Structures are given as structure tokens and as C-alpha cells.
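Below is one structure, written out as C-alpha cells; comments come after it.
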């Protein structure tokens with residue numbers, strides 16, 4: 001999880017990611033941040049996110065991101 005938090009901190013420094021239930025509803029991330037997050041995850045973990053996977057619900061918190069990456073074969 002520390003690696004995911006580091007990636008998120010690069011996109012939006014100074015936020016409390018570890019305790020958040022929904023980054024988007026809580027105003028921690030916005031839709032532009034989602035684009036940057038997807039690009040960073042694709043680069044870091046050498047995966048490709050299909051357009052239908054790029055929805056806020058798949059990236060709403062650390063658990064959702066981990067689950068999304070696990071579907072791509074990434075083990076964190």
C-alpha cells in the first residue's frame with residue numbers, strides 16, 4: 001500500500017489517502033487526477049486499463065485500486 005500512497009502523493013501531495021473511503025466524494029481527487037493516476041499505474045505496473053475500467057469506482061480508495069490492479073495480475 002505504501003507504493004500506492006507514494007503514487008497518489010505525487011498526483012495530489014498532502015492528502016490523507018490511507019483513511020479515505022472515497023477519494024472523489026471526499027474531494028481528495030478529481031477527474032483530472034483520475035487520468036493522472038491511471039497513467040501512473042499503467043507505467044509503474046506495466047498494465048493497460050481498458051476505457052471501460054477507467055471509472056471512479058475502480059479507484060475510489062486504496063482497496064479499490066488494489067482490487068483493480070489484482071484483476072490485471074499485479075500483486076501488491
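One table, with the values for the structure above:
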item	result
The chain: angle of helix 31-45 to the longest principal axis, Cα-based, in degrees nearest 10	40 degrees
Calculated diffusion of the chain, Stokes-Einstein form, Kirkwood radius summed over Cα pairs, 4 °C and 1.567 mPa s, µm²/s	106 µm²/s
Pairwise FRET efficiency - residue 32 versus residue 76, Cβ, R0 = 25 Å, nearest 0.05	0.55
Over the chain: helical MRE at 222 nm, DSSP H runs n ≥ 4 each giving -39500 (n - 2.57), nearest 500	-14000 deg cm²/dmol
Peptide ranges 31-39, 43-51 listed from the most packed, as the mean C-beta count within 10 angstrom indicates	31-39, 43-51
Estimated inter-spin distance, residue 9 and residue 42, nm [label 7 Å along Cα→Cβ]	2.6 nm
Packing-based order for 56-62, 17-23, using average beta carbon neighbours within 10 Å, highest first	56-62, 17-23
On Cα atoms only, tilt of 62-71 relative to the major axis of the chain in degrees	10 degrees
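Read the figures in this text as sums done on the coordinates, not as results from a lab. Predicted, not measured: the structure shown is a model, and the values here were computed from it. FYI the Cβ positions are ideal-geometry reconstructions off the backbone, even for glycines, and counts take in every protein chain you see.
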